[in-house]
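Values in this text are rule-based calculations from the coordinates and carry no lab data. Quick caveat: nothing in here was measured; it's all calculated off a predicted structure. In this analysis, Cβ positions are derived from the backbone assuming ideal geometry, glycine residues included, and neighbour counts consider all displayed protein chains.
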Amino acid sequence: MERLDKILSNLGYGTRKEIKALVKQGLVEIDNEVVKDSGMKIDPDDKEIRVSGEMVNYRQNIYLIMNKPNGVVSATFDNYDETVVDLLDPEHQAFKPFPVGRLDKDTVGLLLLTNDGELNHRLISPKWHVDKIYYAEIDKPVDQNDVEKFKIGITLDDGYKCLPGKLKILESDENGSKVEVTIQEGKFHQVKRMFNALDKNVVYLKRIKFGPMELDLDLEEGEYRELSEDEIKSLKTI
Ligand code: URA
């Protein structure tokens with residue numbers, strides 16, 4: 001059992017004082033009865049709450065998929081830059097979500113955000129071998145030799161030997177190349193450093209897949225949506 005004002009406040013409906021005012025105006029209903037006391041205790045899993053006639057979607061955890069834009073940092077707070085959490089509506093910020101792993105400031109594409117610490121841990125741990133796929137543009141040509149090096153495991157500048165990765169060449173000529181890279185880890189700047197180890201530079205990087213989730217083509221850069229129940233289930237069962 002939890003206080004109604006706390007439940008609604010956690011869902012982003014305002015401060016406790018603001019919720020008290022909504023109740024006073026008769027705008028809050030539980031199972032079709034107008035509420036009189038904003039401090040009443042209820043079991044939110046068991047009751048239908050409405051605010052201004054609209055049903056409240058009660059949940060403790062939130063799961064979001066974003067198409068991250070360039071120039072925004074994957075953090076909950078930053079002194080200088082806009083963060084991915086700044087891009088969320090207050091109603092979603094109220095859940096205090098954080099990004100699942102990090103994308104660099106100049107990397108775009110699929111980013112999951114949640115406040116579910118357990119799922120976050122599973123998704124970012126290399127132990128679970130979750131595939132992350134990136135589309136990358138490289139300043140130089142790539143060839144079968146590079147594909148083999150990815151397969152064996154590239155050694156980064158600090159001596160770390162990456163787990164085997166997959167390099168798929170989409171296009172390659174003297175002016176550069178377009179590739180898809182599959183990795184199961186998420187070391188700092190990993191894809192860029194893998195190509196640096198081959199004496200090449202990543203000039204554009206977009207994450208297109210994270211485990212079972214694909215970048216949602218309906219989402220413009222900077223847009224996001226909540227995951228469906230099925231999508232959440234598919235992430236929890238990998
Ligand atoms: N690898 C990188 O180098 N940058 C990212 O943002 C993600 C993977």
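Some observations on this one:
- On the stretch given as segment 199-218, residues that are within 15 Å of the ligand (Cβ to nearest atom), of a type in the set (D, E, K, R) and assigned to a strand (DSSP E or B) total 3.
- For segment 30-70, the tally of residues that are among the small types (G, A, S) and out of contact with any Leu (no Cβ under 9 Å at 6 or more places or on another chain) stands at 0.
- Filtering segment 76-87 to residues that are polar (S, T, N, Q) and either surrounded by fewer than 16 Cβ atoms within 10 Å (Cβ to Cβ) or farther than 18 Å from N115 by Cα (or both) leaves T76, N79.
- Test: K41 is farther than 30 Å from H189 by Cβ and either without any contact (Cβ under 8 Å) to a residue 24 or more places away in the chain or touching a His at 6+ places or on another chain (Cβ under 9 Å) (or both): no
- Each residue in segment 133-149 was checked for being polar (S, T, N, Q) and touching a strand residue (DSSP E or B) at 6+ places or on another chain (Cβ under 7 Å), and 0 pass.
- If the condition is being more than 9 Å from the ligand (Cβ to nearest atom) and in contact with a helix residue (DSSP H, G or I) (Cβ under 9 Å, 6 or more places away or on another chain), then segment 93-114 contributes Q93, A94, F95, K96, P97, F98, P99, V100, L112, L113, T114.
- Segment 183-205 residues that are on the phi > 0 side of the Ramachandran plot, paired with ones that are within 11 Å of the ligand (Cβ to nearest atom) and acidic (D, E) (beta carbon under 7 Å, 6 or more apart): H189/D104
- Look at (1) out of contact with any strand residue (DSSP E or B) (no Cβ under 8 Å at 6 or more places or on another chain); (2) farther than 30 Å from K209 by Cβ; (3) of a type outside the set (K, R) and you find that V51 fails only one, number (1).
- If you filter segment 30-75 down to residues that are aliphatic (A, V, I, L, M) and closer than 25 Å to D230 by Cβ, you find that the one that is surrounded by the fewest Cβ atoms within 10 Å (Cβ to Cβ) is M55.
- Of all residues in segment 180-189, at least one satisfies being exposed (fewer than 13 other Cβ atoms within 10 Å of the Cβ) and either under 18 Å from the mean Cα position of the chain (by Cα) or more than 16 Å from the ligand (Cβ to nearest atom) (or both).
- Of the residues making up segment 219-233, those that are exposed (fewer than 14 other Cβ atoms within 10 Å of the Cβ) and part of a helix (DSSP H, G or I) number 3.
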